[in-house]
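Notes to accompany the following structure.
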Amino acid sequence: MTAATLAPAARTGRGRATELSLIVFAIVLTLTAYAATGLAHSKQLPTDMLTYGLGLVALFGIAHFVVRRFAPYADPLLLPIATALNGLGLVIIWRLDLAAADDARVAHHAVPRGAAPLQLVWMCLGVALFVAVLVLVRDHRRLRSYSYTAMFIGLVLLVLPAMLPASHSVVNGARIWVRFGSFSFQPGEIAKILLEIFIAGYLVRHRDLLRLAGRRIGPIDLPRARDLGPLLLAWGVSLLVLLRESDLGSSLLFFGIFLVMLYVATERGSWLLLGLMLFVVGSLIAYATIGHVHDRVTAWLDPFNNRIYNKPFGSSYQLDQGLFGMATGGITGTGLGQGRPNLVPFANTDFIMASVGEELGLAGVMGILTCYLLFVSRGLRAALGARDGFGKLLATGLAFTFALQVFVQVGGVTRLIPLTGLTLPFLSYGGSSLVTNWVLLALLLRISDAGRRPQAPPAPALPTADESTTVVVRP
């Protein structure tokens, strides 16, 4: 073999070795947090610590070797970051389960079923789907041919909760669930990836038309009126989701994804300006017509107002307790298992960052936010490295989905923006979100692998008919 042949293989080996070492570090970090929580709660190590550790090694080891086999040139940081976030999320959810069990015993109530075992099951299912996507989707460009199929299925999943009775779809004032007995999931989580596939395929086909300028107002070239249809349609669908399902988070997420992908495809700032104007109009309509949204905005503006403190939904009690918990944590936190994050309603879902802030402090919050920042930056790097327009747009949409979810969720907990009910990717309790994020990760790795894979050298050119031919006569 030549040096040129060996170089790509060497780069692949170093990348996967880096990934494996970082996965091992993430598992050790998770087990350390697990041990610290057990010691703080019962003064002894968890009895199933060895079994739990071996299970994590087997699960994420399989994920690593599948990446090594089917996406050898993929980014080596994305999978370890997801491993660390998912592992820490499991520990924090288990810690909240312990607190809930202690409170039930003190009150002489039945001990509630823990959320951590179910989250572990969802994590295994998410990794299984991660493996399936990498094995079955060998070329992300093939997804482009299913753009309109993805749109149809995505829209059906998006409006499905609105079609069901409230008893099967409403939780905490938001109509975003499909519930039958003990089984429940959020179809909007799956819909967001399907709609991103459609948006990427649509914009690749029509971006030249959408780039055309219409009337110029000052320094801004507005798009043509005939080209406003996609933006108005996305705005209308988001507003209908908000009005019918009272889901501020999903509405903001879907419209934001479309707007950013549209801007990346056309490179025209006028689309962003129009989108922000429509967002403001939609927010004012929602505030004036939807009581659930009105309560959340009121609680955000004045969280310590006694008039709204005891309302069942959109109340300021949850926000107040989260702020008090993070203030208690300070810089370094109270330590895992040594705080009272269970005083915050829904501490393992909407307010898991408040739980992190109380027991791990500002240092822990910044560490987790740094992991999210690295994940998003590597996702955008995969978008920059993609060699096709569809891959660029899809990777951009997937990375921005991750970034917007983190911003909206952390912004709500810290009172930067009103609460929206979105979960933190990989960290919060919730099977729908967790499984979807593992699929999102698999698609990013597939696009990253295609962009980083060395191209085959061009075939040598054959002589043309015009070229002179030298005849050599054998003596």
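Details
- For the stretch 364-400, trypsin sites (Lys or Arg not before Pro) are listed when DSSP marks them as loop and at most 15 other Cβ atoms sit within 10 Å of their Cβ; the list is Arg387.
- Protection proxy ranking for 147-154, 279-286, 84-91, using the average of other Cβ atoms within 10 Å per residue and placing the highest first: 84-91, 147-154, 279-286.
- Label-point separation in nm, Asp48 to Asp139, each point 7 Å along Cα→Cβ: 4.5 nm
- Given R0 = 30 Å, the distance between the Cβ atoms of Ile285 and Asp208 translates into a calculated FRET efficiency of 0.35.
- Highest to lowest packing among 64-74, 127-137, scored as the average C-beta count within 10 Å: 64-74, 127-137
- Spin-label model, Ser21/Leu118: points 7 Å from Cα along the beta carbon direction are separated by 4.0 nm.
- Net charge, Phe400 excluded, C-beta distance under 14 Å - Lys, Arg +1, Asp, Glu -1: +3
- Per-peptide packing, taken as the mean over residues of other Cβ atoms within 10 Å, places 413-420, 202-209 in the sequence 413-420, 202-209 from highest down.
Quick note: the coordinates plus some simple rules give every number you see, no bench work behind them. Here the structure is a predicted model, which is why all the values come from computation and not from measurement. For neighbour counting, all protein chains shown are included, and Cβ atoms are generated from backbone atoms with ideal geometry for every residue, glycine included.
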